Amino acid sequence: MDLVIYNTLTRVKEAFTPIDPVNVRMYVCGPTVYDYAHIGNARPVVVFDLLFRLLRHFYGADYVTYARNITDVDDKINARAEVEKRTIREVTETTASQYHSDMAALSALLPTMEPRATEHINDMKAMIENLVAKGFAYVAEGHVLFEVGKMPGYGKLSGRSLEDMVAGARVEVAPYKRDAMDFVLWKPSKPGEPSWPSPCGIVEDGRPGWHIECSAMAGKHLGEVFDIHGGGIDLTFPHHENEIAQSCCAHGTQKMANYWLHNGFLQVEGEKVSKSLGNFITVHELLESDKVGGRTWPGAAVRLTLMSAHYRQPLDFTQKGLEESEKLIERWAKLIDGVETSSDAEPPVEVVEALCEDLNTPRAIAALHGFARAARSGDIGAVQKLADAAAFLGLMPESWQDVEAQTAEAATADPELAVRVEGLIADRLAARAAKNWTESDRIRDELAAEGIVLKDGKNPETGEMETTWELKR
Ligand SMILES: [Zn+2]
């Protein structure tokens, strides 16, 4: 079965062929860790998690490397630390741990690696010096700038000519730039901002621009040319265009990645998301607060809602959609109650076929409907198919199988830890029952800081809320 994916670079669907089938490599632009992840930021996480699962199915879990970076140098992080009188490290550490527990609740597997910008400053500096030495970048007034005019084919990914970009983009015109489109690789730090010794003989300390981190980290961990690069459609220009320019010019290659995948925009209740419209919803609020519909939502329902549209189409995220997803998950859970499966189970061919058609999730969900119908009419084989499909797609009610196994493991390894965690979980459930979200958040974050991830779900027998936990180290 061929995996066919739409390649933004060529604008056609192509059969996926890895450069090396025992070393399949995918890079996805990850979060800037300054605040809770918005529901729109969860869409690429779920989309590329599905692709990761599919690649592991075809090539084997040990032969697929998925890198998703953590941007921990950014103006928004500095601003938040300043406002809250916390250190930048505190802001990035707590935000990264919130991100991990939120995405775990959506059953997204952890990527193989999560390189951080601050841990790759020397790699970025080496790449910047390489670009200057090769004549693609220049030093001006404490900045290093990439000279876009030197890059043949700049604009190919987003399909824009240089003239269109100048006309359409809000480019920063600065006196030290040779051309308005030239972009920053390195810049001086303002007082109070993080800074590092600069490359290229610049005397003052400074910090990297945003684009260079992905080129440096992808090059270091995945190689000069790798298989798949993913992200949201809004990253196509300028971020991905600039990544390609930096990587190809530094390495002397024609391509950075063979396949470029982009997920479409997400709207909330039919409107563009904006803080001023009040429809800015974080994953954390869905899971832990009563902001949407006056109640919390199970992670599996949020995940199914994010899968309800094809990934390249715009997705309208609505309360009605969440309600429908929750009903479906509950119906499926009843049918597969007590059936043994795991996320490593062999997925039914109907589901694999659907995902091979450019990650056609609506078709995969339709296959689950078909299994459920057959299961209701007494087809035992369909019950197993439904369970395996739900496990493979990360739609098991709170992925109970894996969590149970890992919880049992951690508890046997350290019974004292188990007693303490269970106690805190009980306190947290009490706080939630009293709608004390601050206290419930505090307990969750306290445990997250120790690498303990909580998952909320309904007990399939009693229908009561219960929380399981696992140790992620
Ligand atoms: Zn990136």
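The values are calculated or read from the model by the stated rules, or taken from the named source; none is laboratory data. Not measured: the values here are computed from a predicted model. Note that each Cβ is placed from the backbone with ideal geometry, even for glycine, and that neighbours are counted across all protein chains shown. Each accessible area value is taken on the protein alone, full model and side chains, heavy atoms only, with ligands, DNA and RNA left out. Shrake-Rupley method; radii C 1.70, N 1.55, O 1.52, S 1.80 Å.
Please indicate, with yes or no, whether at least one residue in the stretch 377-384 is in a helix (DSSP H, G or I), aliphatic (A, V, I, L, M) and at pLDDT below 80.
No, the stretch 377-384 contains no residue that is in a helix (DSSP H, G or I), aliphatic (A, V, I, L, M) and at pLDDT below 80.
Right, S215: away from the ligand (no atom under 16 Å from the Cβ) and either surrounded by fewer than 18 Cβ atoms within 10 Å (Cβ to Cβ) or small (G, A, S) (or both) or not?
Taking the combined requirement at face value, the residue does not satisfy it.
Looking at (1) among the aliphatic types (A, V, I, L, M); (2) open to solvent by 60 Å² or more (accessible area, probe 1.4 Å); (3) over 12 Å from the mean Cα position of the chain (by Cα), which is the only condition L110 fails?
Against the list (1) among the aliphatic types (A, V, I, L, M); (2) open to solvent by 60 Å² or more (accessible area, probe 1.4 Å); (3) over 12 Å from the mean Cα position of the chain (by Cα), L110 comes up short only on (3).
Collect the residues in the stretch 414-457 that are part of a helix (DSSP H, G or I), hydrophobic (A, V, I, L, M, F, W, C) and open to solvent by less than 50 Å² (accessible area, probe 1.4 Å), keeping them in residue-number order.
Those that are part of a helix (DSSP H, G or I), hydrophobic (A, V, I, L, M, F, W, C) and open to solvent by less than 50 Å² (accessible area, probe 1.4 Å): L417, A418, V421, L424, I425, A431, I443, L447, A448.
Yes/no per residue for (1) away from the ligand (no atom under 16 Å from the Cβ); (2) within 25 Å of L395 (Cβ to Cβ); (3) of a type outside the set (S, T, N, Q):
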residue	(1), (2), (3)
L3	yes, yes, yes
T8	no, no, no
D20	yes, no, yes
V45	no, yes, yes
R68	no, yes, yes
E82	yes, no, yes
T87	yes, no, no
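Taking the stretch 343-360, which residues are open to solvent by less than 10 Å² (accessible area, probe 1.4 Å), under 20 Å from L315 (Cβ atoms) and not aliphatic (A, V, I, L, M)?
Hit for the stretch 343-360 is D358, nothing else.
Just wondering, is there one or more residues in the stretch 271-280 that are crowded, with 17+ Cβ neighbours inside 10 Å, over 30 Å from K150 (Cα atoms) and modelled with pLDDT under 95?
Checked the stretch 271-280: at least one residue is crowded, with 17+ Cβ neighbours inside 10 Å, over 30 Å from K150 (Cα atoms) and modelled with pLDDT under 95.
Residues to consider are E398, E409; find the one that is part of a helix (DSSP H, G or I), surrounded by 14 or more Cβ atoms within 10 Å (Cβ to Cβ) and modelled with pLDDT of 60 or more.
Matching residue, one of E398, E409: E398.
Mind checking which residues of the stretch 228-252 are assigned to a strand (DSSP E or B) and more than 11 Å from the ligand (Cβ to nearest atom)?
Selection gives I228 alone.
Being crowded, with 23+ Cβ neighbours inside 10 Å and among the aliphatic types (A, V, I, L, M) narrows it down to one of I233, I228, so name that one.
I228
Might you let me know whether the stretch 258-271 holds any residue that is within 19 Å of the chain's Cα centre (by Cα) and part of a loop (DSSP other than H, G, I, E, B)?
The answer is yes; a qualifying residue exists.
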